[in-house]
Amino acid sequence: MLTLEKFSFGVGDRFAHQARAQLRAFQQLARDGVGAVPVWNKSNREHSFIGSEPQSVYDAARDAVKALGWEKGWHVDADHIRLETVDRYLGSSDFFTIDLADSIGKMAKQDQIHLSRQALQPI
């Protein structure tokens, strides 16, 4: 199981050209005593707009990490994906942010609600 660092920060590299500059910011944070790791992300929608593939996010991040000698953690987020698009991210991502936009404003079916009355009591 993946163990996540205490602090992470999401960074978007829309056109896969900024990963090194973004990683330099994390190196500066580390020099200043702030321990945070980058989580590169690009949404499925963004991939469709610019014609990129999920692997390109991983490749840009990996290349920046290698070029700058980054020895701390780093991650790639399959950002705002849906269940029908998750498969294309499995090989290149270790974070998965599921887009719930289609569910906003819709009530859950009664048989899907599993809260007990005790869980709803104030502390």
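No value in this document is a laboratory result; all are computed from the given coordinates. Predicted model only: the values in this text are computed from it and were never measured. Cβ: placed from backbone, ideal geometry, glycine included. Neighbour counts: every protein chain shown.
Between 0 and 90 degrees, the angle of helix 19-31 with respect to the longest Cα principal axis of the chain falls at about 90 degrees. If I take R0 = 25 Å and measure r between the Cβ atoms of E5 and R82 in this structure, what FRET efficiency does the formula 1/(1 + (r/R0)^6) give, to the nearest 0.05? Step by step, r from the Cβ atoms, then E = 0.40.
How big, in percent, is the set of alpha carbon pairs in the chain lying more than 16 Å apart?
Considering the chain, 67 percent of its Cα-Cα pairs are separated by more than 16 Å.
Amide hydrogen proximity for S8: with H placed 1.01 Å from N in the peptide plane, the residues at 5 or more positions away or on another chain lying under 5 Å are V37.
Using just the helices of the chain, give the 222 nm mean residue ellipticity in deg cm²/dmol: DSSP H runs with n ≥ 4 each add -39,500 (n - 2.57), and the total is spread over all residues, rounded to 500. Show your work: numbers first, answer last.
Working: 3 runs with 35 residues, N = 123.
Per the formula, -9000 deg cm²/dmol.
Placing +1 on each Lys and Arg Cβ and -1 on each Asp and Glu Cβ, with no other charges, gives the chain a dipole about its Cα centre of roughly 280 debye. Rounded to the nearest 10 degrees, the inclination of helix 54-68 to the longest alpha-carbon principal axis of the chain is 40 degrees. Think of region 8-120 as having a plus end and a minus end, set by charges on the Cβ of Lys, Arg, Asp and Glu; of N44, G73, L100, G73 sits farthest toward the positive end of this dipole.
Its relative contact order, with pairs defined as Cα atoms under 8 Å and 6+ residues apart, puts region 8-120 at 24 percent. The length gained on full extension between D63 and L29, counted as 0.36 nm times the residue separation minus their Cα-Cα distance, comes to 10.3 nm.
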